[in-house]
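Notes follow the structure.
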Amino acid sequence: MAKNLVDFHCHLDLYPDFESLISECEQKGIHTLTVTTTPKAWPRNREVAGSTKHVRVALGLHPQLVSERVKELDLWREYLSEARYVGEVGLDAGPRFYKSFDLQKQVFEDILKQCAASGEKILTIHSVRAVPMVLSMIETYLNQSSCKTVLHWFTGSPKEARRAIDLGCYFSVNAEMIKNERHHILLKELPIERILTETDGPFIQCNGHPARPDDVMITVEKLASIRGLDTTNFSNQIINNLKELEA
Ligand code: MN
C-alpha cells in the first residue's frame with residue numbers, strides 16, 4: 001500500500017533528518033514533492049534529491065517570506081530553467097502577512113509570467129485568504145501557457161472551487177483540511193481526477209509529531225471514507241491523477 005502514496009507538498013529540508021527522510025521516501029516509493037521556501041535552498045535540495053526516482057524538488061519563494069526575501073527573486077529566476085516544479089509560491093492575506101500583500105502580488109505576478117514564458121512548469125500554490133486573487137492571477141498570466149497548477153491546502157468556498165476547477169487546477173488535500181468538517185462538502189464534491197494528497201509537514205502535526213510523508217496514508221484513508229470509496233482504489237486514483245498532471 002505504501003508504494004501508492006503521494007505527498008505532493010511537504011518541506012523535507014526543514015526536518016533535522018532531511019537526507020535520511022529523502023532516502024526513506026525513495027525506499028518506500030512515496031511520490032513526494034518537496035517544496036522550498038527560498039531559492040537559496042534549491043542547490044542543496046537538488047543535489048540530495050535530484051537523482052532519486054520518487055522525490056521531486058520544487059523551486060519556491062514563499063509568500064510569507066516575501067518581505068524579507070524579495071531580493072532573492074533574481075536568484076529564483078536564475079534557477080528556473082533547472083526546475084520542472086515551482087513552489088511554494090502564492091499569496092497570503094492573513095493578518096500576519098497582509099502588510100506585504102502588494103509586494104507579494106508583484107512577486108507572484110513575476111513568477112507566473114516567467115513560468116508561462118518557460119512553459120511546462122507544475123506549480124504548488126498557497127492561497128490563504130486570497131483565493132479570488134490567486135485564481136484571477138492564474139487566469140491572467142498562466143491560462144494560455146502549458147503550465148499546470150495545484151492549489152495546496154485550499155480553503156476557498158465551493159463557488160471558488162468551481163472557478164479553480166474550470167481553470168484546470170488540481171487540489172492537494174491534507175489532514176488539517178479533513179479535520180475541519182466545514183470543508184467536507186467541498187471534499188466530497190471535488191472532481192476525483194483533480195485530487196492529490198499532501199502532508200505539508202513539518203507544519204502539520206500527526207499523532208504528536210510533525211507529519212512525515214508516509215503519514216499521508218491517514219489522509220488517503222479518511223478522504224476515501226468521506227467520499228465512500230475503497231481506500232486501495234482511491235489510492236490508485238491519486239497515483240493516476242499524478243501521472244496525468246505530470247504527463
Ligand atoms: Mn507549505
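Each value in this text was obtained by applying a stated rule to the coordinates, not by laboratory testing. All figures in this text were calculated on a predicted structure; none of them were measured in a lab. Cβ coordinates were reconstructed from backbone atoms using ideal geometry, including for glycine residues, and neighbour counts include every protein chain displayed.
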Please report the net charge: other residues with Cβ closer than 12 Å to the Cβ of Glu139, K and R +1, D and E -1.
0
Sparse-neighbourhood loop sites, GluC sites (Glu not before Pro) in the stretch 70-132 - DSSP loop, at most 14 other Cβ within 10 angstrom:
Glu120
A correct fewest-to-most ranking of Thr37, Thr140 by other Cβ atoms within 10 Å would be Thr140, Thr37
The relative contact order of the chain, taking Cα pairs under 8 Å that sit 6 or more residues apart, comes to a percentage of 19
Candidates per trypsin sites (Lys or Arg not before Pro) in the stretch 6-78, loop by DSSP, up to 12 other Cβ within 10 Å
Lys53
Using all C-alpha to C-alpha distances in the chain, build P(r) with 5 Å bins and read off the rounded percent in each one.
1, 7, 15, 19, 21, 18, 12, 6, 1, 0
Rounded, prolate or oblate: pick one for the stretch 81-167, where a ≥ b ≥ c are the square roots of the eigenvalues of its C-alpha gyration tensor, a/c under 1.5 means rounded, and failing that, prolate if a/b is larger than b/c, else oblate.
oblate
Tell me the mean residue ellipticity at 222 nm calculated for the chain from its helices only (DSSP H runs of n ≥ 4, each -39500 (n - 2.57), averaged over every residue, nearest 500).
-12500 deg cm²/dmol
